[in-house]
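The values are calculated or read from the model by the stated rules, or taken from the named source; none is laboratory data. The structure displayed is predicted, hence computed values, not measured ones. Reconstructed Cβ throughout: ideal geometry from the backbone, glycine too, with neighbour counts over all protein chains shown.
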Amino acid sequence: MAGTLYGIGVGPGDPDYLTLKAIKCMEKVDIIAAPGTVVEETTAYKIAVQAAPFIEEKEKAPIFMPMIMDRAKMEDAHRDGAAAVIKLLEEGKDVGFLTLGDTTIYSTFSYIEKIVKAGGYNTVYISGIPSFCAAAAEVGVPLCEWTEPLHVIPAVHKLDEKLPPDGNYVLMKSGSKMAQVKEILRESRDNVSMVENCGMPDQKVYHSIDEIPDDAGYFSLIIAK
């Protein structure tokens, strides 16, 4: 009987944000997988092992996922990753695929899961604390109130236009184009905060556009109200 693939959200960085459900799932799976060449060197694993040190003793399965924008090459990597997972499932092993934040939000797991599920195998999503929820808590601001809509977008895809006036925005992975993002925000939003490396030891919090550096890191998340 084939095993089951579990996508396990480990939260944004602070191991205290791991859910009980995530820890229980890691306890029962046979193999811990993560997107990278060495599982133990991935950010998701380093977070998870602090809350669940028992995963050190489990079998590991690195799933190579290159950080590229070439859609065709990405799809090839997803198919290769899914094939590696399916091989393990065919051995009757349950696989826990660790992913940052939540499994349903811009997660590498979702690409793998679609292919595995299409192949007739069982897959399960284990939700985690989303990075933007943790970041909002860190800066002490509500993401939305009363009838306000909330828009969650990857910032790099909105650089050619102004943000519509209606609602509040979460701009994820803003670091690589921060200068342009800041200019757009100056024209459209009054209340801007940013958390860099949320929940990690080197976390930094900024409470205005002027505080935000142009050279902010990859894991930079902006809340614009």
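Report yes if Lys60 is basic (Lys, Arg), modelled with pLDDT of 95 or more and outside the structural domain of Val195 (by TED's automatic domain parsing), otherwise no. Let's see the steps before the verdict.
Numbers: basic (Lys, Arg): yes; modelled with pLDDT of 95 or more: yes; outside the structural domain of Val195 (by TED's automatic domain parsing): yes.
Spelling it out, Lys60 is indeed basic (Lys, Arg), modelled with pLDDT of 95 or more and outside the structural domain of Val195 (by TED's automatic domain parsing).
If you check every pair at least six apart or on different chains, which have Cβ atoms under 7 Å apart with a residue in segment 7-29 that is surrounded by fewer than 18 Cβ atoms within 10 Å (Cβ to Cβ) first and a residue that is of a type in the set (Phe, Trp, Tyr) and assigned to a helix (DSSP H, G or I) second?
Glu27/Phe54
Just a yes or no: is a residue in segment 191-207 under 30 Å from Ile63 (Cα atoms), of a type in the set (S, T, N, Q) and modelled with pLDDT of 90 or more?
yes
When the residues of segment 49-105 are narrowed to those that are charged (D, E, K, R) and touching a Pro at 6+ places or on another chain (Cβ under 9 Å), which ends up nearest to Ala34 (Cα to Cα)?
For segment 49-105, the residue satisfying everything is Asp102.
Sort out which residues of segment 182-201 are acidic (Asp, Glu) and either at positive phi or surrounded by 19 or more Cβ atoms within 10 Å (Cβ to Cβ) (or both), and write them in order of number.
Glu196
Glu27 versus (1) closer than 17 Å to Asn122 by Cα; (2) over 20 Å from the mean Cα position of the chain (by Cα): which is the lone unmet condition?
Every condition holds for Glu27 apart from (1).
Tell me, please, whether a residue that is farther than 30 Å from Ala2 by Cβ, among the hydrophobic types (A, V, I, L, M, F, W, C), in contact (Cβ under 8 Å) with a residue 60 or more places away in the chain and surrounded by fewer than 20 Cβ atoms within 10 Å (Cβ to Cβ) can be found in segment 140-154.
yes
Could you list, in sequence order, all residues of segment 210-220 that are buried (at least 19 other Cβ atoms within 10 Å of the Cβ) and either in the same structural domain as Asp14 (by TED's automatic domain parsing) or not in a strand (DSSP E or B) (or both)?
Ile212, Ala216, Phe219
Could you run through segment 17-38 and say how many residues are closer than 25 Å to Arg79 by Cβ and of a type in the set (D, E, K, R)?
Within segment 17-38, residues that are closer than 25 Å to Arg79 by Cβ and of a type in the set (D, E, K, R) number 1.
For the structure I just gave you, tell me whether Met65 is over 16 Å from the mean Cα position of the chain (by Cα) and hydrophobic (A, V, I, L, M, F, W, C).
no
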